[in-house]
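Here the structure is laid out as structure tokens; the discussion comes afterwards.
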Amino acid sequence: MITDKTKRKVALFLSEFCTKVNVGSGGNASFPSSTDLDVPLLHTRESTTNIISSDTTVDFKVSINSSKLVGNTLREIGIFSETMPADDKFDELRAGSSIGTVDTTMMSRLVFDAIGPIQENETLNFIYTLEVE
């Protein structure tokens with residue numbers, strides 16, 4: 001069992017540190033050991049707008065200009081944290097722990113039915129909702 005207070009803290013942690021997204025065209029099953037999308041399509045990850053919609057639910061929102069993806073078919077999306085400098089807020093969380101250096105990490109990957117091929121002059125909006133249970 002995880003207490004309600006800890007669930008809120010985990011949701012807050014995820015909303016603060018998992019702020020990047022990438023989309024891809026890979027469509028196979030997800031594995032817990034994955035560190036990236038199967039076939040990432042963006043050269044740089046897009047920033048998310050994260051909203052805690054309830055005490056334990058985070059909405060990761062992103063809008064992507066289709067010009068970066070023209071002709072591709074999307075089948076996966078991933079939420080990532082970015083490398084955090086030594087003086088970041090994370091220091092106080094990892095103080096006294098054995099976490100060590102924090103590198104770019106894929107928090108979650110979702111495979112979905114194909115969207116595309118992507119045309120120009122579109123804006124793709126994604127909302128990835130995660131509930132801490």
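Structural remarks
- Pairs with Cβ under 6 Å, 6+ apart, first in segment 107-132 and more than 15 Å from T73 (Cα to Cα) and at pLDDT 90 or above, second open to solvent by 50 Å² or more (accessible area, probe 1.4 Å) and part of a loop (DSSP other than H, G, I, E, B): R109/S30
- Subset of segment 11-60 [open to solvent by 60 Å² or more (accessible area, probe 1.4 Å), in contact (Cβ under 8 Å) with a residue 60 or more places away in the chain and assigned to a helix (DSSP H, G or I)]: F13, E16
- For segment 42-79, the set of residues classified as over 27 Å from E131 (Cβ atoms) and of a type in the set (A, V, I, L, M, F, W, C) consists of L69, V70, listed by residue number.
The values are calculated or read from the model by the stated rules, or taken from the named source; none is laboratory data. Remember, predicted model here, so these are calculated numbers, not experimental data. For neighbour counting, all protein chains shown are included, and Cβ atoms are generated from backbone atoms with ideal geometry for every residue, glycine included. Just the protein is used for accessible areas: all its heavy atoms, side chains included, with ligands, DNA and RNA removed. Shrake-Rupley method; radii C 1.70, N 1.55, O 1.52, S 1.80 Å.
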